[in-house]
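Just below is one structure, and these are the notes that go with it.
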Amino acid sequence: MKRFGRICMVEAKKWNIVFFLIPLLLVACATSPLGRRQIVLLSEGKMNEMGAQSFEELKAKTPIERDPKINQYVQCVVAPIMEAAKGRVSVQKWEVVVFKDPSANAFALPGGKIGVHTGILPVAKTQAQLAAVLGHEVGHVMAQHGNERVSQGQLASILLGAADVAVKDMSDTQKKLLMTGLGVGVQFGALLPFGRTQESEADLIGLDLMAKAGFDPGESVELWKNMAAASGGKSPPEWMSTHPSSDSRIANLRSHIPEHRADYLRVVQSGRVPRCTLN
Ligand SMILES: [Zn+2]
């Protein structure tokens with residue numbers, strides 16, 4: 001990567017795609033919420049648009065859970081997380097859909113789209129554990145990890161070549177790459193899972209959101225223990241199949257939980273702790 005002032009350029013062999021990038025004026029360096037330099041090639045508006053379009057496609061293809069109890073429970077957990085994220089991500093209104101899917105998964109897409117699989121509910125056994133899942137996923141959006149991922153190499157050339165093509169007009173291969181880039185890999189084949197750095201960043205942003213939302217950040221550790229137990233000998237769900245082993249992930253979370261205690265206790269003392277229940 002070469003830097004030209006505040007502009008980041010991809011390496012020389014990618015000059016052919018730079019031709020497409022310059023008119024977009026989006027070949028830019030960004031800084032993640034945790035201070036890491038990143039390359040994000042697409043505008044936030046474009047990412048939001050792609051996230052929203054992909055979400056519509058998913059809703060059309062995947063059965064939706066309509067049980068009001070389940071939906072109210074998920075909304076109850078999401079609401080304070082959204083409140084904690086307010087002003088830190090360019091989303092005015094979040095849309096939350098519970099999908100009837102037995103895999104223990106959830107995702108958040110740019111543009112404020114959150115998908116929760118019914119299969120995550122038996123694994124994230126408490127409201128705070130579900131908050132840990134959602135905080136992590138919203139963390140990926142806040143840190144523009146989807147943008148960073150679709151900006152990588154070949155994926156960028158394909159998507160930027162197709163930047164003016166609506167999702168519905170893309171080829172199946174382009175769609176698959178886009179969905180994976182946005183973080184819906186489990187549905188379409190995990191070609192490029194989020195990397196270790198992105199996962200650990202999302203974990204730490206998730207802790208912050210949880211604590212500020214009034215969920216015990218310590219429950220994130222219990223969630224990952226449950227995830228490890230649930231995956232047993234089988235291949236783990238996409239979002240835990242990336243590099244950090246559950247042991248190193250748990251160790252990382254444990255070392256950072258104390259930083260978030262004060263935020264959590266402040267909410268406890270104010271009496272605003274969420275009370276979400278499935279029953
Ligand atoms: Zn993740």
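General remarks:
- Candidates Leu178, Leu160 - the one that is away from the ligand (no atom under 15 Å from the Cβ), open to solvent by less than 10 Å² (accessible area, probe 1.4 Å) and at pLDDT below 75: Leu178
- Taken over the range 22-51, the residue count meeting the criterion of being modelled with pLDDT under 50 and part of a helix (DSSP H, G or I) is 3.
- Within the range 64-107, the set of residues being farther than 21 Å from Ala211 by Cβ, of a type in the set (A, V, I, L, M) and more than 16 Å from the chain's Cα centre (by Cα) comprises Ile64, Ile70.
- Failed criterion for Val89 (all others in (1) modelled with pLDDT of 95 or more; (2) away from the ligand (no atom under 14 Å from the Cβ); (3) open to solvent by less than 30 Å² (accessible area, probe 1.4 Å) hold): (1)
- Unmet criterion (only one of (1) at pLDDT 85 or above; (2) more than 27 Å from Tyr264 (Cα to Cα)) for Leu130: (2)
- Scanning the range 55-78 for residues that are touching a residue at least 40 places away in the same chain (Cβ under 8 Å), in a helix (DSSP H, G or I) and surrounded by 15 or more Cβ atoms within 10 Å (Cβ to Cβ) yields Phe55, Glu57, Leu58, Ile70, Tyr73, Val74, Cys76, Val77, Val78.
The values are calculated or read from the model by the stated rules, or taken from the named source; none is laboratory data. Predicted, not measured: the structure shown is a model, and the values here were computed from it. Virtual Cβ from ideal backbone geometry, glycine too; neighbours counted across all protein chains shown. We work out accessible area using only protein heavy atoms, side chains counted, and drop any ligands, DNA or RNA first. Shrake-Rupley method; radii C 1.70, N 1.55, O 1.52, S 1.80 Å.
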